[in-house]
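Input: a single structure, listed below in C-alpha cells.
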Amino acid sequence: MTKARTILTTSLAAFLALFMIQSRMAEAQDVTSFSRTTSPLTGDQTRQLESFIESNTTDLASDTADKVVAARKNLIAPLLRAGTSNVFREAFGKTFISNTESMLKNPEETSAFNLSNVFQVLAFIRTGETNEMLARILADTRGEGIQTDARRNAAASMLAISLKTTSPEMIRPRQYNSIMRSILDAVNEAGRWSVVQREFEAMSAITGNRKIPDDIREKALENEAKILDMTLSRMASENESGLSRAIAPMILMLRSQFIGLTGSMRQSFQTTISPSLELVIRSADENWESIQKDMASRTSFTIALQQSIVLHQLTSGVTDQNMDKTVAAWKSGDRLAFQKSAAEWLN
C-alpha cells in the first residue's frame, strides 16, 4: 500500500505539474485572441496578459540562454500578428515595462545578453512609451567596458529599428521631444563609433518619416546636424579618433534622406546640413594625421569626403573642379594640395 500510495502521489504531482504547464501555455496562446481588440481590455483579458508577460519576463532574467531566447520569442509572437491593435500594444507595453523595471533601472546588475533580449521586445511593442524607454536607457548608460558597450549598442540599435517601425500616431509630440533629447544626451557617451552611427540612424528615422509633423521632422534634422558636428569635434581627441568611421554612414544616410524629401523639408535640409558638410572637409585637414595613419579610418573617411561633396553639389546645385581635386589630394596623401583645393571652394 505504501509503495502504491507513493506511486500514486508521484503520478499526481507529475500530472499537476503538466497541467500547470499546459495551463500557462494555453493562457499564453489566449492573449492572441484579443490582440486585435480596439476596446479597452476586460478584467479577464488584463489578467491573462499580465500572467503571460510575468511568466516570460521571469525567464528573460534567467542565467540559461535558451530560456531567455524562448521567452523573448514568446513575448514577441503576439506582437507580430497581423492587425495587432494599438490598444493591445499600449496595454502590453505598460505591463512589460512594469515587469522589467528592476532590470531596466539597474542595467549594471544585468548581463548585456539578458538586456539585449529585453530591448528587442521593447522594440517590437512599438508605442511612444517603449520608444521613450529605449531612448532613456541609452542616455542613462554610463561607463566603459565590453558589457557597457554591448548594452549601449543594443539599446541604440533597437531604438533605431523601433522608431522606423512604430506608427507615428503612437508617439505624442512631447514623447518625440523627449526621445530626441535623450539621443543627443547619449551621443557624447556613445564610446564606439558604431553606437554613434545607430544613434544618428534613430534620429534620421524621425526626419525621414513623412507621416510625422514637419516641425518635429525639422527639429530632428537640426539634431542630425548636431550629432554630425559633435562627432567631428570629438574626433580631435586622441582617444576618440576612431569615431571618424561613423562619418561616412551618416553622410550616406543624409544623402538617401535628401533624395526622399520634398517641399519645405528639402529647403530646410540645405540650410541645416550644408555647414556640417563643409565641416567634414575642414575636419579632414584638422585630423589629417590620426585618420591617414589608420587604414580603416582612412578608407571610411574617403567615402565621407566623396559623399559630402556629392551631397553639397546636390543641395547647392554648384559644381567645382576643386571639389574633385580635394578628394584626389586626400587619397594621395598630399596635404598641401588638399588645403589649397579645399580653400578654393569653401571660401
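The values are calculated or read from the model by the stated rules, or taken from the named source; none is laboratory data. Please read these numbers as outputs of a predicted model, since none were measured by experiment. Positions of Cβ are backbone-derived with ideal geometry, glycine not excepted, and every protein chain shown enters the neighbour counts. Protein only, heavy atoms only, side chains kept; ligands, DNA and RNA dropped before computing areas. Shrake-Rupley method; radii C 1.70, N 1.55, O 1.52, S 1.80 Å.
Before moving on, here are some points about what is shown:
- Look at (1) open to solvent by 10 Å² or more (accessible area, probe 1.4 Å); (2) within 19 Å of Ser283 (Cβ to Cβ) and you find that Ile216 fails only one, number (2).
- When Ser297, Ser204, Ser268 are checked against the criterion of being under 29 Å from Phe338 (Cα atoms), assigned to a helix (DSSP H, G or I) and of a type in the set (Gly, Ala, Ser), a single residue qualifies: Ser297.
- Take the conditions (1) within 15 Å of the chain's Cα centre (by Cα); (2) open to solvent by less than 30 Å² (accessible area, probe 1.4 Å); (3) closer than 25 Å to Val327 by Cβ; Trp193 misses just one of them, which is (2).
- Count of residues meeting criterion [without any contact (Cβ under 8 Å) to a residue 60 or more places away in the chain and either in a loop (DSSP other than H, G, I, E, B) or open to solvent by 30 Å² or more (accessible area, probe 1.4 Å) (or both)] in the stretch 169-178: 5
- Residues considered: Thr84, Thr32, Thr37. Of these, the only one that is farther than 25 Å from Asp149 by Cα, among the polar types (S, T, N, Q) and in a helix (DSSP H, G or I) is Thr32.
- Any chance Ala337 is of a type in the set (A, V, I, L, M) and over 30 Å from Ala220 (Cα atoms): yes
- Residue satisfying condition, being of a type outside the set (D, E, K, R), at pLDDT below 95, open to solvent by less than 20 Å² (accessible area, probe 1.4 Å) and in contact with a Gly (Cβ under 9 Å, 6 or more places away or on another chain), within set Thr130, Thr166, Thr148: Thr148
- Output for the stretch 179-190, where each listed residue is surrounded by fewer than 18 Cβ atoms within 10 Å (Cβ to Cβ), in a helix (DSSP H, G or I) and of a type outside the set (D, E, K, R): Leu184
- Listed conditions (1) of a type outside the set (Asp, Glu); (2) in contact (Cβ under 8 Å) with a residue 12 or more places away in the chain; (3) not in a helix (DSSP H, G or I) are all met by Thr319, apart from (2).
To keep it simple, each residue is scored yes or no on (1) at pLDDT 90 or above; (2) at positive phi; (3) surrounded by 13 or more Cβ atoms within 10 Å (Cβ to Cβ).
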position	(1), (2), (3)
Glu240	no, no, yes
Leu252	yes, no, yes
Thr262	no, no, no
Arg266	no, no, yes
Ser276	yes, no, yes
Leu279	yes, no, yes
Asp294	no, no, yes
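- Answer from Lys73, Lys94 - the residue that is of a type outside the set (Val, Ile, Thr), over 26 Å from Thr38 (Cβ atoms) and either part of a loop (DSSP other than H, G, I, E, B) or open to solvent by 50 Å² or more (accessible area, probe 1.4 Å) (or both): Lys73
- Lys325 more than 23 Å from Arg245 (Cβ to Cβ), of a type in the set (D, E, K, R) and part of a helix (DSSP H, G or I): yes
- Meets criteria (more than 18 Å from Ala225 (Cα to Cα) and assigned to a helix (DSSP H, G or I)) for Val280: no
- Contact map, the stretch 135-150: residues that are in contact (Cβ under 8 Å) with a residue 60 or more places away in the chain and closer than 26 Å to Thr166 by Cα paired with residues that are among the charged types (D, E, K, R) and open to solvent by less than 40 Å² (accessible area, probe 1.4 Å), Cβ distance under 8 Å, separation 6+ or inter-chain. Pairs shown: Leu138/Arg152; Leu138/Glu199.
- Here is the figure for the stretch 31-44: residues that are closer than 12 Å to Pro78 by Cβ and over 30 Å from the mean Cα position of the chain (by Cα) total 1.
- Scan of the stretch 141-157 for residues that are touching a Lys or Arg at 6+ places or on another chain (Cβ under 9 Å) and part of a helix (DSSP H, G or I), ordered by number: Thr148, Asp149, Arg152, Asn153, Ala155, Ala156, Ser157
- Residue in the stretch 105-113 that is crowded, with 19+ Cβ neighbours inside 10 Å and modelled with pLDDT of 95 or more present: no
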